[in-house]
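Some notes on the structure that comes next.
The values are calculated or read from the model by the stated rules, or taken from the named source; none is laboratory data. Since we're looking at a predicted model, the values are computed, not measured. FYI the Cβ positions are ideal-geometry reconstructions off the backbone, even for glycines, and counts take in every protein chain you see. Heads up: the accessible areas ignore ligands, DNA and RNA and are worked out on the full protein's heavy atoms, side chains in. Shrake-Rupley method; radii C 1.70, N 1.55, O 1.52, S 1.80 Å.
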Amino acid sequence: MSNMQDRAAWTGSTIDYRSDGLHTFGADEVAEIDAALRHLHGLGELDFPQITTATFPLPTVGTVLTGLRDELRFGRGFVLLRGIPRERYSTDDMARIYFGLGAYIGSPIPQSWQGELLGHVIDVSDIEPGARGYHAGGAQRFHTDSCDIVSLMCLQRAKSGGASRICSAITVHRRLESERPDLLKVLYDGYVFRRREVDAEYGSGTLVRQVSIFARVQDEISVNLSGDYPNRAVAAGDAVMTGEQREALDVVQQIASESYLDMSIGEGDIQFLNNRTLLHGRTGYEDFREMTRRRHLLRLWLQVPGWPEMPASQGMHRSDDHLGWLRQRTAFMEVPSRYLTEITTRQEELAA
């Protein structure tokens, strides 16, 4: 069936992200970004929510970025921005640039009960018991997050490995449609998800929901995939997962593992992914022991103006959660230098 998502139905072996989704900033564009950063600094020390299209003005680059919304929604679903000279900027200024560029694509939303608008993707599992996927090392299976667009900026590479692995959920859907329609129905019927108690407590209070892995609104198919939340529901006694439900989740991972694309995100690179049509994960990696040398990416969750709302049967975190979570946020909590100082101190205290 041909529809508006045809371009999103790719397989990794047939495309090259360097020709299909890469925008390299030219010297004029870097100069404009540089000028926007100077303008921002001239306004005093602004907290991240105050970094907007008004305080980070990009007359031409802003138009390019706003135009990427259509490529993300109706095209391949991914974009990689390259060419920001990482060595020129402090870690904190890289975060300001990243937040400023992201503001042209969507509105940042909080990523956990703590209310952070800018996430730190770094392995702190040695100091944080029960660390979530983005605070733990190693490979990650295919999944989605709770936003329209999920984005990463690389501040520091791993010692080796750690590529971003992405897959078209539209391709997975079409293969299931032709090969395993029985399992596709199971995925549409949905699963019981149980999220982390603390996210519910500080958010809407809703801990358990029925969530469709695939949903269709008019001509658009969207995906909402988690392996963790359904398993948490089973472990807590909220649900019993049938053999067919388990098989459906396994087959999604299997098809994804046959059609993925690996993207190497270098220092200073920024990746934007359509979280509704792409699955993402990462390859395993080797890291440094010293906290300040570890693989470190920044993450944005963006809501895009003009995009239809996420289907009612999808999305574990919603706007009523965001309001509650933002109450926990403290000013400047995401600033990388402060964050790194805090986690380095904790690491040293534990080692003492």
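All conditions but one from (1) open to solvent by 30 Å² or more (accessible area, probe 1.4 Å); (2) among the hydrophobic types (A, V, I, L, M, F, W, C); (3) out of contact with any Leu (no Cβ under 7 Å at 6 or more places or on another chain) apply to residue 84; the one that does not is (1). If you filter segment 25-74 down to residues that are open to solvent by 60 Å² or more (accessible area, probe 1.4 Å), touching a helix residue (DSSP H, G or I) at 6+ places or on another chain (Cβ under 9 Å) and among the hydrophobic types (A, V, I, L, M, F, W, C), you find that the one that is nearest to residue 105 (Cα to Cα) is 74. Scan segment 229-247 and give yes if some residue there is buried (at least 19 other Cβ atoms within 10 Å of the Cβ), over 23 Å from the mean Cα position of the chain (by Cα) and among the polar types (S, T, N, Q), otherwise no. Yes - at least one qualifying residue is present in segment 229-247.
Has segment 302-312 got at least one residue that is part of a strand (DSSP E or B), within 22 Å of residue 195 (Cβ to Cβ) and either open to solvent by less than 20 Å² (accessible area, probe 1.4 Å) or among the aliphatic types (A, V, I, L, M) (or both)?
Yes, there is a match, as at least one residue in segment 302-312 is part of a strand (DSSP E or B), within 22 Å of residue 195 (Cβ to Cβ) and either open to solvent by less than 20 Å² (accessible area, probe 1.4 Å) or among the aliphatic types (A, V, I, L, M) (or both).
For segment 274-294, which residues satisfy the criterion of being more than 28 Å from residue 194 (Cβ to Cβ), open to solvent by less than 20 Å² (accessible area, probe 1.4 Å) and in contact with a Gly (Cβ under 9 Å, 6 or more places away or on another chain)? 294 - this is the single residue of segment 274-294 that is more than 28 Å from residue 194 (Cβ to Cβ), open to solvent by less than 20 Å² (accessible area, probe 1.4 Å) and in contact with a Gly (Cβ under 9 Å, 6 or more places away or on another chain).
Pick out the one residue from 248, 256, 236 that is of a type outside the set (Asp, Glu) and closer than 24 Å to residue 138 by Cβ.
Numbers: 248 fails: closer than 24 Å to residue 138 by Cβ; 236 fails: closer than 24 Å to residue 138 by Cβ.
None of the other options fit; the residue is 256.
With respect to residue 248, determine if the residue is in contact (Cβ under 8 Å) with a residue 24 or more places away in the chain, not hydroxyl-bearing (Ser, Thr, Tyr) and not in a helix (DSSP H, G or I). Reasoning before the result, please.
Values: in contact (Cβ under 8 Å) with a residue 24 or more places away in the chain: yes; not hydroxyl-bearing (Ser, Thr, Tyr): yes; not in a helix (DSSP H, G or I): no.
Answer is no for this residue.
The C-beta contact set for segment 302-325 (first residue of a type in the set (Val, Ile, Thr), second residue open to solvent by 20 Å² or more (accessible area, probe 1.4 Å), distance under 6 angstrom, 6+ apart or interchain) comprises 304/69. No other residue among 201, 177 is in a helix (DSSP H, G or I) and under 18 Å from residue 213 (Cβ atoms) apart from 177.
If you go through segment 326-352 and keep only what is part of a helix (DSSP H, G or I) and without any contact (Cβ under 8 Å) to a residue 24 or more places away in the chain, you end up with 338, 341, 342, 345, 348, 349, 351.
Hey, can you tell me all the residues within segment 144-173 that are closer than 22 Å to residue 79 by Cα, in contact with a strand residue (DSSP E or B) (Cβ under 7 Å, 6 or more places away or on another chain) and open to solvent by 40 Å² or more (accessible area, probe 1.4 Å)? Answer for segment 144-173, where residues must be closer than 22 Å to residue 79 by Cα, in contact with a strand residue (DSSP E or B) (Cβ under 7 Å, 6 or more places away or on another chain) and open to solvent by 40 Å² or more (accessible area, probe 1.4 Å): 156, 161, 165.
Residues that are more than 28 Å from residue 177 (Cβ to Cβ), without any contact (Cβ under 8 Å) to a residue 40 or more places away in the chain and of a type in the set (Ser, Thr, Tyr), at least 2 per element: which helices (runs of 4 or more DSSP H) completely within segment 1-82 meet that? I'd like the intermediate steps shown before the answer.
Working: elements: 17-20, 27-42, 61-74.
Of the helices (runs of 4 or more DSSP H) lying wholly inside segment 1-82, those with at least 2 residues that are more than 28 Å from residue 177 (Cβ to Cβ), without any contact (Cβ under 8 Å) to a residue 40 or more places away in the chain and of a type in the set (Ser, Thr, Tyr) span 61-74.
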